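What follows is a short report on a single structure.
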Amino acid sequence: MTSVVVSNTTTVVNVAAAPTNVSAVNGVVSVVRYDTPTIQVVAVAEQGPPGSSISGVTFNQASPSAEWTINHNMGYKPAVSVRDSGGSEVEAEILHITVNQTKVYFASPQAGQAYLI
C-alpha cells in the first residue's frame, strides 16, 4: 500500500508489485502502473532466407480495345489496377480465366496499362 497526501488529507491507493508512479495534482490522484509483458522463447531455429520485394507484371495495351487479354504466368490470381493512356485509373471488369491469364473488360475501348501484383 502507498499513501499519498493531498491537501492535508490522506488518500490510500492500492498499488501492485509492478513499478508504479503515483501523483496528485489539485486533489486528483493519478496512478500509472508500468507492466512489462513477459516474453518467452518457444523455439529456436535457423533464420530463413530474406524475402524478395513485391514484383509484378505491367501489361501495356497500345491500341484501344474493349477487352484486354493478359497472359501473366504468375501462377495465382493477382490484384489488378488499370490506368488509361493518360495515367488515370479507370473502372473495368476483371475476370481471372486461369491462374496464369486475366481478362479486362471495358464499357468502351481503352488503351493504357494494367498492373498486376
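Side notes on the structure shown:
- For the pair residue 55 and residue 93, label points projected 7 Å from Cα toward Cβ lie 3.4 nm apart.
- Nitroxide proxy distance, nm - points 7 Å out along Cα→Cβ at residue 100 and residue 63: 2.6 nm
- Prolate is the label for the stretch 45-87, because the ratio a/c of its alpha-carbon gyration tensor axes (a ≥ b ≥ c) is 1.5 or higher and a/b is greater than b/c.
- Model label sites at residue 117 and residue 79, defined 7 Å from Cα along the beta-carbon direction, differ in position by 0.6 nm.
Laboratory data are not the source of any read-out in this text; all were calculated from the coordinates shown. It should be emphasised that the depicted structure is a prediction, and the values quoted were computed from it without experimental measurement. When we count neighbours, we look across all protein chains shown, and the Cβ atoms used for this are built from the backbone with ideal geometry, even at glycine.
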